[in-house]
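Read the structure below first, then the notes.
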Amino acid sequence: MGRNFILLGPPGSGKGTQAAMLAGSLNLLHISTGEILRGEIAKDSELGKQAAVYMDKGNLVPDELVFDIVEEVLGTNKKAGAVLDGFPRTKRQAEMLCEHDIDIEKIFYISVPTEDIVRRLSKRHYCEKCNKVVTYDDEFCLVCSSPMTVRADDKPDVIRQRLRVYHELTEPLVKYYEAKGSLVRINGVGTVAEIHSRMMAALNKKDNKAWGFDNT
Ligand code: AP5
Ligand code: MG
C-alpha cells in the first residue's frame, strides 16, 4: 500500500495548489473530489447533473456520492498512494474512510485567514484545457494559450456559502483528527514554495506539531 495524505482547509486555502506539489514530490496520485465533480459536470454525465445542483449553490454533494468516487479511484490505484484534496469534508466521510481501512499517514490542515481567502478566490482564474490555476488576471493560459476562465462557484455569494458550509461541516474535522494525533497545522500564508517546504519539513517528523507560525 502507498502512503496516503489528506489536505484539509477552507475554500481557497491552497489545497489544490499544495496537493499537486506534494503529489509531485512524493510521486503520489492527486485526488481532488472537486476536480472530479467539475469534470463530470463538463461531461454532462448523470453524476455531473446531480452534483451541479449542490455545487452551484456552494453546498456539499451528498456523502455517499462522493465516497463512491473516492473509493473507485483509490480502489483501482491501491499501490500508488494518494494526496486527498477536499476529501473528507464531513464527519461521515471521515468515518467512511476509516471503515474502509484506508490508512492515512498525516492530515495537513492549511490555515489561512478569511480575508486572504476572499481575496484569493475573487481573483482566481483557471484554464479549462490544462487546469492551470492562477490568482492574477492573465487573459490566456501560459501553458497552452487557451483563454482563462472563472470557476462557476467563485461568485461572491457562492463563496460566502462555501465558507459557511466549511465552518459548519468541515472545520469540526480539525478537532476530530487532532484527537487521533495525526493532524499537522500548516500556516497557509506565505509563498506557494514556502508552504510546500513547511509540509515537506513536517513529513519526516514523528511528532505532529504546527509549521510556519510565529512560534514554530
Ligand atoms: P473544491 O474544488 O474542493 O473547492 P474548495 O474546497 O472550495 O477549495 P478551492 O478549490 O476553491 O480552493 P483550494 O483550497 O483548492 O485552493 P487553490 O489551490 O485553488 O470543491 C468544490 C465543490 O465541490 C464544493 O463546494 C462541493 O460542492 C463539492 N465537493 C468537493 N469535494 C466534496 C466532498 N468531499 N464532499 C462533498 N462535496 C464536495 O488556491 C486558491 C487560489 O489561491 C488560486 O488562485 C491559487 O493560485 C491561489 N493561491 C494558492 N496558494 C497561494 C498562496 N500561498 N498565496 C497566494 N495565493 C495562493
Ligand atoms: Mg481546490
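The values are calculated or read from the model by the stated rules, or taken from the named source; none is laboratory data. Being a predicted model, the structure only gives us computed values, none of them experimental. Cβ placement follows ideal geometry from the backbone for every residue including glycine, while neighbour counts extend to all protein chains displayed. Side chains are part of the model used for accessible areas, which takes the heavy atoms of the whole protein and leaves out ligands, DNA and RNA. Shrake-Rupley method; radii C 1.70, N 1.55, O 1.52, S 1.80 Å.
Sub-7 Å Cβ pairs linking a first residue in the range 185-213 that is over 19 Å from residue 104 (Cβ atoms) to a second residue that is modelled with pLDDT under 95 and exposed (fewer than 14 other Cβ atoms within 10 Å of the Cβ), at least 6 apart or interchain, are 187/213, ordered by first then second residue.
For the range 168-183, a tally of residues being in contact (Cβ under 8 Å) with a residue 40 or more places away in the chain, more than 16 Å from residue 108 (Cβ to Cβ) and surrounded by fewer than 16 Cβ atoms within 10 Å (Cβ to Cβ) returns 1.
For first residues located in the range 117-129 and in contact (Cβ under 8 Å) with a residue 40 or more places away in the chain, partners that are acidic (Asp, Glu) and lie 6+ apart or on another chain with Cβ distances below 7 Å form the pairs 121/154; 124/154.
Restrict the check to the range 110-117 and report whether at least one residue is open to solvent by less than 60 Å² (accessible area, probe 1.4 Å) and either farther than 29 Å from residue 171 by Cα or in a loop (DSSP other than H, G, I, E, B) (or both).
Step one: list which residues in the range 110-117 are open to solvent by less than 60 Å² (accessible area, probe 1.4 Å), which gives 110-113, 116-117.
Checking which are either farther than 29 Å from residue 171 by Cα or in a loop (DSSP other than H, G, I, E, B) (or both) leaves us with 112-113.
Within the range 110-117, one or more residues are open to solvent by less than 60 Å² (accessible area, probe 1.4 Å) and either farther than 29 Å from residue 171 by Cα or in a loop (DSSP other than H, G, I, E, B) (or both).
So which of 28, 22 ends up being more than 10 Å from ligand 1 (Cβ to nearest atom), of a type in the set (A, V, I, L, M, F, W, C), more than 23 Å from residue 114 (Cβ to Cβ) and in contact with a Lys or Arg (Cβ under 8 Å, 6 or more places away or on another chain)? Don't jump to the end; show me each part of the working.
Values: 22 fails: in contact with a Lys or Arg (Cβ under 8 Å, 6 or more places away or on another chain).
Just one listed residue meets the conditions, 28.
Considering the range 55-92, the residues that are more than 16 Å from ligand 2 (Cβ to nearest atom), at pLDDT 95 or above and in a helix (DSSP H, G or I) include one that is most open to solvent (accessible area, probe 1.4 Å), namely 91.
Find all pairs meeting these conditions: Cβ atoms under 6 angstrom apart; at least six residues apart or on different chains; first residue within the range 34-45 and in contact (Cβ under 8 Å) with a residue 40 or more places away in the chain; second residue within 15 Å of ligand 2 (Cβ to nearest atom) and among the small types (Gly, Ala, Ser). Here the result reads 34/86, each pair linking the range 34-45 to a residue that is within 15 Å of ligand 2 (Cβ to nearest atom) and among the small types (Gly, Ala, Ser).
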